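Bear in mind that the values in this text are calculations on the coordinates, not laboratory data. All values reported here derive from a predicted model rather than from experimental measurement. Don't worry about glycine lacking a Cβ; one is built from the backbone with ideal geometry, like all the others, and counts go over all protein chains shown.
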Amino acid sequence: MTGDDGQASGGLDWPGLLRAGLHGLGLRPAEFWALTPLELMLMLGREARADALFTRDRLENLLRRYPDVAPEERAEHDGNG
């Protein structure tokens, strides 16, 4: 779902962040893309939101949602093995 500005609701404004990083901060593209969103926000002087922090709970949630599975195990689960 997108908002009135065409951006995904709740997503990051990548074009705006890219402009801020390249023009506002004078970063080179490789420097910009090497940053985490949190690092970029700090460089721009914005406070980090509590929900943007990568906590142990968020890591565990990601691990449950996207478990590491070896390719041969994935084929077995998909019925392709």
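Couplings 3J(HN,Hα) for the stretch 18-24, derived from phi with the Karplus relation 6.51 cos²θ - 1.76 cosθ + 1.60 (θ = phi - 60°), are 5, 4, 4, x, 6, 8, x Hz, where x marks Gly and Pro. Would you calculate the separation in nanometres between label points at ALA30 and TRP14, each defined as 7 Å from the Cα along the Cα-to-beta-carbon direction? Each label point is offset 7 Å from its Cα along the Cβ direction, giving 2.1 nm. What the phi angles of the stretch 32-46 give under the Karplus curve with 6.51, -1.76 and 1.60, with θ = phi - 60°, is a coupling list of 4, 6, 7, 7, 7, x, 5, 4, 4, 4, 5, 5, 7, x, 9 Hz, glycine and proline written as x. Using the beta-carbon distance between LEU44 and GLU73 and R0 = 35 Å, what value does 1/(1 + (r/R0)^6) give for FRET efficiency, to the nearest 0.05? It comes to 0.25.
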